[in-house]
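Accompanying notes for the structure given below.
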Amino acid sequence: MQGLIGRKIGMTRIFDKDTGYIIPVTIVKTGMNTVQQVKTVENDGYSAVQLGFETCKESKAGKAVTGHSKKHNSEPARIVREFKLDSPEEAVECGKKVGPEIFNDVTTVDVSGTSKGRGYAGTVKKYGFHIGPLSHGNKNKRERGSLGANTYPARVFPFLKMAGQYGNERVTMKGIRIIGLDTDNGLVYLKGSIPGKNKGIVFIKKGVSR
């Protein structure tokens with residue numbers, strides 16, 4: 001299968017055994033994902049697998065989630081995500097536990113998550129605009145400035161960089177290198193930073209180059 005669901009723990013550093021250089025890494029705890037459903041070409045028109053992360057009690061899951069898990073002989077999960085299979089012939093069974101071992105032969109992955117929300121921000125913080133002169137008499141310190149012409153076209157063009165919501169959106173970083181795997185504890189070590197805050201949910205997929 002193509003990916004796993006995980007929870008971002010935080011960042012640390014490890015030392016390269018060959019060079020001794022420090023490598024900043026992000027630790028993602030994938031644990032054991034549970035196969036909730038297997039979709040086939042015959043029944044659904046495409047081949048994929050539905051994974052669940054962090055199982056929960058039936059009393060805390062809705063009736064729809066509980067009924068779905070019972071139908072496919074699996075356990076209710078807090079987070080559910082669908083991933084493609086490596087090939088339609090890949091053998092996967094409902095209720096099977098899947099861990100970081102699927103990345104044994106993979107070098108790079110794509111990581112998706114929700115970026116940190118920074119609230120309503122101006123253009124200086126959001127886009128790195130320059131501030132105005134701080135000399136005496138200037139009243140424009142951090143304002144955006146002109147938005148365009150006046151009489152013609154007599155409107156503001158869309159998609160201009162303006163103040164507004166910053167962060168709290170889906171972000172995907174591609175080509176992140178896998179530094180190491182801890183299959184016993186369900187941990188994946190990724191080089192550098194990844195989207196989202198600590199303890200946030202992330203989705204790891206095999207990169208195109210692998």
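The values are calculated or read from the model by the stated rules, or taken from the named source; none is laboratory data. It should be emphasised that the depicted structure is a prediction, and the values quoted were computed from it without experimental measurement. Neighbour counts run over all protein chains shown; Cβ positions are idealised from the backbone, glycine included.
Considering segment 116-161, the residues that are more than 28 Å from LYS197 (Cα to Cα) and of a type in the set (Val, Ile, Thr) include one that is modelled with the highest pLDDT, namely ILE131.
Scanning segment 24-75 for residues that are farther than 20 Å from ILE5 by Cα and under 21 Å from the mean Cα position of the chain (by Cα) yields a count of 1. Mind listing whichever residues of segment 45-80 are among the hydrophobic types (A, V, I, L, M, F, W, C) and either touching a strand residue (DSSP E or B) at 6+ places or on another chain (Cβ under 7 Å) or assigned to a helix (DSSP H, G or I) (or both)? Within segment 45-80, ALA48, VAL49, LEU51, PHE53, CYS56, ALA64, VAL65, ALA77, ILE79, VAL80 meet the criteria. The C-beta contact set for segment 36-51 (first residue in the same structural domain as ARG78 (by TED's automatic domain parsing) and closer than 13 Å to ASP86 by Cα, second residue assigned to a helix (DSSP H, G or I) and of a type in the set (Val, Ile, Thr), distance under 9 angstrom, 6+ apart or interchain) comprises SER47/VAL41. Evaluation of PHE83 against the conditions (1) assigned to a helix (DSSP H, G or I); (2) surrounded by 12 or more Cβ atoms within 10 Å (Cβ to Cβ); (3) in the same structural domain as LYS191 (by TED's automatic domain parsing) shows that the sole unmet condition is (1). Can you find a residue in segment 91-99 that is buried (at least 17 other Cβ atoms within 10 Å of the Cβ), part of a strand (DSSP E or B), basic (Lys, Arg) and at pLDDT 90 or above? Within segment 91-99, none of the residues are buried (at least 17 other Cβ atoms within 10 Å of the Cβ), part of a strand (DSSP E or B), basic (Lys, Arg) and at pLDDT 90 or above.
Can you name the residue in segment 23-42 that is touching an Asp or Glu at 6+ places or on another chain (Cβ under 8 Å) and in a strand (DSSP E or B) and, of all such residues, is modelled with the highest pLDDT? If you could, list the steps in order and put the result at the bottom.
First pass over segment 23-42, keeping only residues touching an Asp or Glu at 6+ places or on another chain (Cβ under 8 Å): 23, 31, 34-35, 38-39.
Then keep just the ones that are in a strand (DSSP E or B); that gives 23, 34-35, 38-39.
Working: ILE23: 96, THR34: 92, VAL35: 93, VAL38: 92, LYS39: 91.
Selected residue: ILE23.
With under 15 Å from GLY6 (Cα atoms) and β-branched (Val, Ile, Thr) as the only criterion, which of VAL188, VAL156 stands out?
Values: VAL156 fails: under 15 Å from GLY6 (Cα atoms).
Every option except VAL188 fails the conditions.
Picking from LYS199, LYS191, which residue would you name as being within 24 Å of VAL28 (Cβ to Cβ), of a type in the set (Lys, Arg), assigned by TED's automatic domain parsing to the domain that holds ARG13 and surrounded by fewer than 12 Cβ atoms within 10 Å (Cβ to Cβ)?
Details: LYS191 fails: surrounded by fewer than 12 Cβ atoms within 10 Å (Cβ to Cβ).
Going through LYS199, LYS191 in turn, just one is within 24 Å of VAL28 (Cβ to Cβ), of a type in the set (Lys, Arg), assigned by TED's automatic domain parsing to the domain that holds ARG13 and surrounded by fewer than 12 Cβ atoms within 10 Å (Cβ to Cβ): LYS199.
Of everything in segment 100-109 that's among the polar types (S, T, N, Q) and under 18 Å from the mean Cα position of the chain (by Cα), which residue is surrounded by the fewest Cβ atoms within 10 Å (Cβ to Cβ)?
Initially, segment 100-109 is screened for residues among the polar types (S, T, N, Q), giving 104, 107-108.
In the following step, the residues that additionally are under 18 Å from the mean Cα position of the chain (by Cα) were identified as 107-108.
On the way: THR107: 12, THR108: 17.
This residue is THR107.
Every listed requirement among (1) among the small types (Gly, Ala, Ser); (2) more than 17 Å from TYR189 (Cα to Cα); (3) under 21 Å from the mean Cα position of the chain (by Cα) is met by SER112 save one, (2).
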